[in-house]
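Step one of this worksheet: look at the structure below.
Taken together, the values in this text are just the output of simple stated rules run on the coordinates, not laboratory data. Quick caveat: nothing in here was measured; it's all calculated off a predicted structure. Here the Cβ positions follow ideal geometry from the backbone for every residue, glycine too, while neighbour counts run over all protein chains shown.
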Amino acid sequence: MSTPTLTEIPGFVTGTWDIDASHSDVGFTVRHLVVTKVRGRFDGVSGNLVITDDLATSTVEVEIDLNTINTHNEQRDGHLKSADFFEVETYPTLTYKGTGVRQQGDRYVLDGELTLKGVTKVVPLTFELNGFSPDPWGGQRVGFSGDAEINRKDFNVNFEGVQNGIAVVADKINIHIELEAVLRKDA
């Protein structure tokens with residue numbers, strides 16, 4: 001059984017889509033002291049997607065306000081904003097610029113560049129298209145679920161906390177995205 005291309009999906013619509021931050025979630029998971037995973041999210045996400053018939057030319061631009069980190073622990077959030085981690089006074093945002101979609105099995109991959117703390121690296125984002133739908137206000141919506149993985153040290157997030165010989169924070173960060181966007185009405 002073959003997987004349909006995006007353009008064969010019912011309701012497929014090309015155009016420029018603005019991220020609906022109130023219906024989107026950008027979160028992460030990282031191991032803490034090897035025994036558990038800590039979860040967090042960023043409440044400030046903005047950007048747009050340009051979906052074209054030729055998916056290889058589709059683009060995504062996302063900006064995340066690092067000051068909006070939320071791990072449900074105010075002290076930890078403050079530490080993550082410090083120079084030990086994000087250094088938000090110097091680098092207040094994380095950006096992701098995706099340039100093209102390709103199919104990989106039953107999922108899709110957005111090839112793009114993530115910039116954090118002044119370092120830009122290629123980070124592919126594997127995603128599934130959840131669908132297109134009209135909304136109650138006369139607009140059109142699209143939704144995606146995606147995952148990526150980075151090594152924090154690749155982006156100069158080099159905190160080396162050790163307790164009893166065990167790393168306090170793992171190097172590998174798993175990123176999960178639930179994204180909803182609204183089709184921009186032509187001017």
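Summarise the long-distance tail of P(r) for the chain by giving the % of C-alpha pairs beyond 29 Å. It would help to have the intermediate numbers written out before the result.
Details: 4713 of 17391 pairs.
Of the Cα pairs, 27 percent sit more than 29 Å apart.
Using just the helices of the chain, give the 222 nm mean residue ellipticity in deg cm²/dmol: DSSP H runs with n ≥ 4 each add -39,500 (n - 2.57), and the total is spread over all residues, rounded to 500. Present the calculation step by step, with values, prior to reporting the outcome.
Details: 1 runs with 8 residues, N = 187.
Using -39500 (n - 2.57) per qualifying helix, the result is -1000 deg cm²/dmol.
Could you rank the peptides 40-50, 65-75 by their average count of other C-beta atoms within 10 Å per residue, with the highest value first?
Working: 40-50: 17.3, 65-75: 14.4.
Top of the packing list down: 40-50, 65-75.
Could you run the Karplus curve 6.51 cos²θ - 1.76 cosθ + 1.60 with θ = phi - 60° over the stretch 96-110 and give me ³J(HN,Hα) per residue in whole Hz, x for Gly and Pro?
Once rounded to whole Hz, the list reads 9, 10, x, 10, x, 10, 9, 8, 9, x, 8, 10, 10, 10, 9.
Given the pairs LYS121/LYS185; LYS117/LYS172; LYS117/LYS185, which span a C-alpha to C-alpha distance of over 28 angstrom in this model?
Working: LYS121/LYS185 33 Å; LYS117/LYS172 17 Å; LYS117/LYS185 34 Å.
Beyond 28 Å between Cα atoms: LYS121/LYS185; LYS117/LYS185.
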